[in-house]
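Just below is one structure, and these are the notes that go with it.
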Amino acid sequence: QLTPSSFLRIGQLSNVDLNEDVRELETELPRQRPNEIPHNEKLLSLKYESLDYDNSENQLFLEEERRINHAAFRTVEIKRWVICAMIGILTGLVACFIDIVVENLAGLKYRVVKGNIDKFTEKGGLSFSLLLWATLNASVVMVGSMIVAFIEPVAAGSGIPQIKCYLNGVKIPHVVRLKTLVIKVCGVILSVVGGLAVGKEGPMIHSGAVIAAGISQGRSTSLKRDFKIFEYFRRDTEKRDFVSAGAAAGVSAAFGAPVGGVLFSLEEGASFWNQFLTWRIFFASMISTFTLNSVLSVYHGNAWDLSSPGLINFGRFDNEKMGYTIQEIPIFIFMGVVGGILGALFNALNYWLTMFRIRYIHRPCLQVVEAMLVAAVTATVGFVMIYCSRDCQPIQGSTVAYPLQLFCADGEYNSMATAFFNTPEKSVVNLFHDPPGSYNPMTLGMFTLMYFFLACWTYGLTVSAGVFIPSLLIGAAWGRLFGISLSYLTKGSIWADPGKYALMGAAAQLGGIVRMTLSLTVIMMEATGNVTYGFPIMLVLMTAKIVGDYFVEGLYDMHIQLQSVPFLHWEAPVTSHSLTAREVMSTPVTCLRRIERVGTVVDILSDTSSNHNGFPVVESNPDAAQVAGLRGLILRSQLIVLLKHKVFVERANLSLVQRRLKLKDFRDAYPRFPPIQSIHVSQDERECMIDLSEFMNPSPYTVPQEASLPRVFKLFRALGLRHLVVVDNRNEVVGMVTRKDLARYRLGKEGLEELSLAQT
């Protein structure tokens with residue numbers, strides 16, 4: 001029987017005797033699920049592994065590289081470009097698919113509801129229309145939330161935090177699987193059609209990353225199909241580079257911003273960067289925007305004019321009427337401050353909400369119910385706001401897609417309905433471009449207030465959805481309100497055009513929530529097609545980031561921290577110079593000898609209390625004169641392949657081994673290496689010996705134990721390592737530094753704090 005105390009004990013334990021507890025828990029959990037899962041943000045989870053960005057330069061690898069001549073290297077380079085082109089094309093097509101399906105389904109829904117409202121406005125009984133709208137929303141969202149909650153929970157949210165972690169070098173389970181892509185695309189379509197306060201732009205980044213990871217491997221492990229192409233790229237180094245290209249292609253398909261995409265994967269993602277990679281990523285982004293553009297242009301029936309570069313098009317801003325003067329700059333900076341404060345408020349509310357969700361709403365059925373509740377509430381709020389609003393505008397010359405008349409005079413429409421009764425993307429464009437006087441300030445104020453809380457409640461639901469568009473919409477609404485009040489104050493002088501302030505407000509709000517500076521400036525510039533605004537947008541985003549960071553961190557970083565991911569930032573914490581490698585490293589280290597008994601290897605790999613992934617290899621038989629110095633490093637995955645193929649010394653002497661192992665054998669097992677339990681080793685085989693010298697990496701990176709933490713951190717982060725061996729002055733292994741040892745140290749409010757590790 002599970003008591004709450006055993007649960008709390010888990011949170012506080014160090015990682016010594018956690019394993020017994022966890023195993024006892026796993027047997028108990030299916031029978032009775034606790035109502036509350038205690039969650040502490042001061043933990044680092046041990047369930048995340050690192051990616052190996054560093055190649056293992058063992059003898060097999062060196063032999064293969066020596067065999068490849070110059071021409072073959074050129075083919076590899078050409079293959080890379082081909083893969084990048086394919087990533088771009090497929091990401092563009094997926095974006096087209098999402099866009100077209102959403103447009104048709106949402107159009108259908110709004111037409112049905114509009115017809116119904118028009119019918120019941122005349123003869124009374126509007127509550128029926130509300131019921132219809134809420135039921136439609138809730139049922140669509142139910143399907144979208146069920147596929148995520150029950151089939152692939154990784155596809156929830158925008159996927160940007162997960163991709164950020166992947167590019168940082170953390171292996172999040174299932175994040176780049178084909179199944180995730182399918183669920184993600186369907187989930188996005190359903191949640192946008194279901195009228196939630198979400199956008200379809202964020203998930204495009206995740207989709208692009210999955211497409212990239214899939215194509216670059218030349219096979220699908222989910223479908224059990226191997227196409228026997230691109231085998232050279234089956235390792236973490238290459239896969240991670242392609243995933244950053246996929247993320248960039250996703251951004252550029254979503255916003256029509258190829259340069260913004262490249263800068264996004266530079267700013268948010270890749271820890272490792274070089275010029276060739278940048279150029280390839282830019283190529284993938286360009287191709288993706290171009291594909292989307294041409295397909296959508298054909299779909300809209302004007303095949304040759306390439307007029308829709310991204311999923312969201314903010315429309316062109318004219319330079320003549322939209323210039324800005326020098327005295328507006330302080331106003332823009334003030335808007336940045338407001339955006340930063342509102343963004344920090346959004347993040348703080350979402351933080352408490354997410355903590356509540358992790359603790360109480362962790363069963364899939366509860367998550368689906370919550371999503372349906374949010375959908376119904378969103379429809380109800382929208383309906384009540386439209387119903388109570390008395391803001392009527394003439395229909396002449398307006399570009400409203402679904403004008404609702406309700407209680408307005410003939411030839412007029414309700415302007416609150418343009419904001420609520422529409423997909424969020426269209427509402428943003430309306431707020432940017434509608435002529436001055438299209439909105440009543442009261443309408444905008446109420447809309448901002450309601451939408452702020454709805455968007456905050458919606459982010460973190462178990463549906464696939466992005467936070468980009470809702471934040472732009474909130475910002476555009478209060479920005480436009482700000483512009484209107486300015487022109488009241490200045491007695492309607494020409495420079496207070498509300499559309500311009502709507503753009504600045506949108507930038508300020510989005511910058512205050514996600515805290516991206518460089519890429520966001522460029523994305524906004526590319527999406528509006530206007531370079532004049534580069535400087536004010538940059539000022540607004542910088543101010544929003546500085547003000548917001550004073551209160552709480554960005555939304556994505558916050559969610560990464562809430563999931564207890566061992567994420568490494570660019571620099572070690574500033575006050576950490578006093579720590580040395582000796583204090584940071586994990587000890588004792590499980591070492592293998594260069595020629596080791598098979599039984600010993602199997603026992604070490606099967607020991608669940610130490611699920612290490614890298615083992616230093618030391619000299620086999622140290623006599624009195626010679627020290628057992630470090631000879632190399634071998635990975636768990638390599639040992640498993642060796643045991644599976646039974647590469648033992650005795651069998652080699654009896655020439656029982658058919659052939660030498662090649663690198664191909666290791667690549668074919670990547671990325672899902674079999675667990676050690678599935679490998680059968682007989683009693684006689686346990687007595688054999690295994691020679692590790694040609695499979696281990698003979699030159700692993702090492703640091704002396706006196707090295708300071710920032711120095712260790714720099715080496716680890718810049719080379720994307722997974723294991724860093726700590727040696728003493730006689731080259732004996734004294735410890736091992738992995739990602740968790742470095743991610744444990746973090747700057748808190750009081751200074752440097754150390755997080756505890758847990759198996760959860």
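Data table
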read-out	value
For region 456-462, 3J(HN,Hα) per residue [Karplus equation, 6.51 cos²θ - 1.76 cosθ + 1.60, θ = phi - 60°, Hz, x = Gly/Pro]	5, 5, 6, 6, x, 5, 7
Kirkwood hydrodynamic radius over Cα pairs of region 162-267, then Stokes diffusion coefficient at 37 °C and 0.692 mPa s, in µm²/s	230
R0 of 30 Å, Cβ-Cβ distance Glu64-Ser678: FRET efficiency to nearest 0.05	0.60
Measure of compaction for region 503-581 (Cα Rg per 2.2 N^0.38 Å)	1.36
Principal axis dimensions, largest first and in whole angstrom, of the chain by Cα	99, 66, 50
Mean shadow area of region 358-476 over all directions, Cα convex hull, nm²	7.8
Dipole magnitude of the chain about its Cα centre (Cβ charges: Lys, Arg +1; Asp, Glu -1), debye to nearest 20	1120
Relative contact order of region 581-758, pairs being alpha-carbon contacts under 8 Å that are 6 or more residues apart, as %	31
Highest to lowest packing among 192-205, 240-253, scored as the average C-beta count within 10 Å	240-253, 192-205
Phi to ³J(HN,Hα) by Karplus 6.51 cos²θ - 1.76 cosθ + 1.60 over region 573-590, Hz, x for Gly, Pro	x, 5, 8, 9, 5, 6, 7, 10, 4, 5, 7, 8, 5, 8, 9, x, 9, 7
Cα-based reach from Lys500 at 26 Å (exclusive), listing lysines while leaving out same-chain residues under 8 positions away	Lys200, Lys321, Lys426, Lys491, Lys545
Extension gain from Leu126 to Val76, taking 0.36 nm per residue of separation minus the Cα-Cα distance	11.5 nm
Farthest positive-ward along region 86-300 dipole, Cα basis, beta-carbon charges - from Gly218, Leu190, Leu93	Gly218
Antiparallel bridges, percent of DSSP beta bridges restricted to region 581-758 (to nearest 5)	75
Extended-chain gain in nm, criterion 0.36 nm per residue less alpha-carbon gap, Asn729 and Thr135	206.7 nm
Local electrostatic count, Leu719, Cβ distance below 12 Å [Lys/Arg +1, Asp/Glu -1]	+1
Long-range HN-HN contacts of Val618 with modeled amide H, under 5 Å	Leu592, Arg593, Arg594, Arg631
5 angstrom amide H check on Val734, placed H, neighbours 5+ away	Val726, Val727, Asp728
Ellipsoid equivalent to region 581-758 - semi-axes via the Cα gyration tensor, in Å	32, 19, 14
Calculated Rg and Dmax of region 86-300 using C-alpha coordinates, Å	19.4, 70
For the chain, share of DSSP beta bridges that run antiparallel, in % to the nearest 5	75
Accessible area of region 581-758 belonging to carbon and sulfur atoms, whole % at 1.4 Å probe	51
Rounded tilt (10° steps) of 329-360 against the dominant C-alpha axis of the chain	60
Extension gain, Ser294 back to Arg597 (0.36 nm per residue minus Cα-Cα distance, nm)	102.9 nm
Pair Tyr701, Val369: separation of 7 Å Cα→Cβ label points (nm)	4.9
Loop-located trypsin sites (Lys or Arg not before Pro) in region 659-706, at most 12 other Cβ atoms within 10 Å (DSSP)	Arg659, Arg660, Lys662, Arg672
Point-to-point label distance, Ser220-Met442, nm (Cα→Cβ direction, 7 Å offset)	5.6
Student exercise, region 45-108 dipole from Lys, Arg, Asp, Glu Cβ charges, in Debye to nearest 20	220
J(HN,Hα) series, region 515-528, from Karplus relation 6.51 cos²θ - 1.76 cosθ + 1.60, nearest Hz, glycine and proline x	6, 9, 10, 4, 5, 5, 4, 5, 4, 5, 5, 5, 6, 8
The chain, relative contact order in percent, only Cα pairs under 8 angstrom and at least six apart counted	19
Part-to-part distance (alpha-carbon centres) for region 464-489 and region 400-444, which is given in Å	14
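The values are calculated or read from the model by the stated rules, or taken from the named source; none is laboratory data. What you see is a predicted model, and the numbers here were worked out from it, not measured in a lab. Virtual Cβ from ideal backbone geometry, glycine too; neighbours counted across all protein chains shown. SASA here: full protein model, heavy atoms, side chains in, ligands and nucleic acids out. Shrake-Rupley method; radii C 1.70, N 1.55, O 1.52, S 1.80 Å.
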